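Note sheet for the following structure.
The values are calculated or read from the model by the stated rules, or taken from the named source; none is laboratory data. Quick caveat, the model's predicted, so the values are computed rather than measured. Neighbour counts run over all protein chains shown; Cβ positions are idealised from the backbone, glycine included. Keep in mind that these areas ignore ligands, DNA and RNA; they rest on the heavy atoms of the full protein, side chains included. Shrake-Rupley method; radii C 1.70, N 1.55, O 1.52, S 1.80 Å.
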Amino acid sequence: MNISITNHTGARNRGCEALVLSKILGLSKMFDQPSFTLHSNDPNYDAWRFAGLTELRWSYLTNTPNHFSKPWLNQLAYAVLGMAERFAPNVKGINLGSIKAVKSADLVVASGGDIFTSDYGNLRKHLAYPMLARKDRLYLCSHSIGPFTDKDKSYFLRLADGIGAISAREKDSYDYLKALDVQADIHLTADVAFTLPSLERSDARLLLQKRYNLASAEGLVALSISQGIVKYSGLDPESYYATFAKFCDTLIDSGKTVVLIPHVMEKNPDNNDVIACDEVLRRMVHTSHVSVVSGEPGAVELKGVIGSCECLIGTRTHATIAAMSQGIPTVSVAYSRKAYGIMKDVYGDELGMRLTVDARAIDVDSLLDAYQLAIQSPIDSTRLKDIKVRAENNFLIGRDLLS
C-alpha cells in the first residue's frame, strides 16, 4: 500500500507539519504497514523533519506561479513534464519523480488546510497533483474549502466531480461544498491536527525551563504571532506590532509571563513568524517576563509548550488547534473564513464568534476582552470529544475509500 501525500508546502510551517504528521500516524493505523511518499516544496528540510516516516519528492508543480485557466492546457503541460521526469529523475540529489509517484499511488491524499480557495489567487496550481491522480483514489483530506471566484469554481468542480472523497474540517466549508452541489462523497470532519500527539506536560515544562529560561511554568500566556497575516490582511505593520507589544505589556502588568510562539518559520521573511515576534519584543516595555520559543521545535513540541499555558491568543490556525485540542482557552485572530469555522465548531456559534477577532480590527481592548472571555469560558469537554472523533474519521474515510 503506497500513499502519496501531496500539496505540502513544507514543515518550516508547523501547521503543515501537524497536518502531514497527523495523517501519517492516523493512516498508518488503517492499513498494514503502508509506505508514504510526501510531495514537498521543501524536500531537503522535510527529509530531516520526517526522517524514517516517508520518502520525499520535490513537488515542483506547486513551486510555480498559478497555472493556466484552461484545464486541458495544464494537463498537456503535466504530460510533458511527466515524460521529462523519465530522463532527469534526480537533480542535485532531489528526486523529481513526483508525477510518476502520484500516478502510481494506491491512495493520493491532498493535504494543505486552506489552499483550495480563491483567497490567495493561486488555486489552480494547488490542483495540479490532484488532477494527476486516479479520481477514485483521490482524497481531499481535512480542508477548509472556498470561497471561489466564478472561474475558479468551474475549475474546481471539474476536478471534484466524481473523486473518491472530500472531508471538510469545519461546517462552514461543508455547507459551502453542499451548496455547490459537488458530485463527490463529502464528509464533515474536523482538522486532523486535533489528533496530533503532544509532548508530555512534564517534558514541556522542562523544555521551557532549560531552553527558554522560564523558571516557573505558572501563569504562562502564549501568543502565536503571524508575520504572514500582515500581507494577507493588508495590515499596517507598525500598528500590528505595537498592538501586540502593548497587549503583552498589559498581560505582564497583571502578573502573567508571555510566551511568544513563531509557528511558521519559512525562508520567505514575509512569512517568518520569528520576525514578527522579534518586532513585538522590540516594542515592549517589559522584557523580563517574556520569552520567544526559538530554535527548531517541531509541531509536537510546540503543542506541549502551548498545553503548559493558561491561554493561547493565536494568529495561526494550527497554534489555536494545538490549544483547543488540549482544552486550553483560546482566542483566534482571523484573516480568513477558516478561523471562524473552526472556532464555531469547538465553542459554538455565538461564543466562537466572540472569541474570534478580525485581524483588520484588532486593538488592545478587543484582544483583552476576548482573552478574559476565553479564560471565563472553558471548552465543553463533550463537544471537544466529538470534535476529536470527527478528526479520527478522516482516517476511516481513507480506509473505506480503498475497501
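Residue 369 - would you say it is at pLDDT 95 or above, closer than 29 Å to residue 238 by Cβ and not in a strand (DSSP E or B)? Yes; evaluated as a whole, the condition is true for this residue. Scanning for something of a type in the set (S, T, N, Q), within 18 Å of residue 3 (Cα to Cα) and over 23 Å from the mean Cα position of the chain (by Cα), does the range 63-83 turn up at least one residue? Among the residues of the range 63-83, not one is of a type in the set (S, T, N, Q), within 18 Å of residue 3 (Cα to Cα) and over 23 Å from the mean Cα position of the chain (by Cα), which makes the answer no. Return yes or no: is residue 49 of a type in the set (Lys, Arg), more than 25 Å from residue 28 (Cβ to Cβ) and modelled with pLDDT of 95 or more? Taking the combined requirement at face value, the residue does not satisfy it.
Within the range 45-68, being open to solvent by 30 Å² or more (accessible area, probe 1.4 Å) and either of a type in the set (Phe, Trp, Tyr) or within 16 Å of residue 298 (Cα to Cα) (or both) holds for 47, 48, 49, 51, 52, 53, 58, 60, 68.
Note on the range 116-139: residues that are part of a loop (DSSP other than H, G, I, E, B) and surrounded by fewer than 22 Cβ atoms within 10 Å (Cβ to Cβ) amount to 6.
Only one residue in 202, 142, 173, 167 is hydroxyl-bearing (Ser, Thr, Tyr), under 30 Å from residue 78 (Cα atoms) and not in a strand (DSSP E or B), so which one is that? Spell out the reasoning first.
Values: 202 fails: under 30 Å from residue 78 (Cα atoms); 142 fails: not in a strand (DSSP E or B); 167 fails: not in a strand (DSSP E or B).
Only one candidate passes the filter, namely 173.
Only a single item in (1) touching a residue at least 60 places away in the same chain (Cβ under 8 Å); (2) part of a loop (DSSP other than H, G, I, E, B); (3) of a type in the set (D, E, K, R) is not met by residue 23, and it is number (2).
Collect the residues in the range 92-133 that are in contact with a strand residue (DSSP E or B) (Cβ under 8 Å, 6 or more places away or on another chain) and either without any contact (Cβ under 8 Å) to a residue 40 or more places away in the chain or of a type in the set (Lys, Arg) (or both), keeping them in residue-number order. If the condition is that a residue be in contact with a strand residue (DSSP E or B) (Cβ under 8 Å, 6 or more places away or on another chain) and either without any contact (Cβ under 8 Å) to a residue 40 or more places away in the chain or of a type in the set (Lys, Arg) (or both), then 96 is the only one that fits.
Considering the conditions (1) in contact with a strand residue (DSSP E or B) (Cβ under 7 Å, 6 or more places away or on another chain); (2) open to solvent by less than 20 Å² (accessible area, probe 1.4 Å), residue 329 is excluded by exactly one of them, (2). Any chance the range 65-87 includes a residue that's more than 30 Å from residue 147 (Cα to Cα), among the small types (Gly, Ala, Ser) and modelled with pLDDT under 95? Checked against the condition, which is being more than 30 Å from residue 147 (Cα to Cα), among the small types (Gly, Ala, Ser) and modelled with pLDDT under 95, the range 65-87 yields at least one hit.
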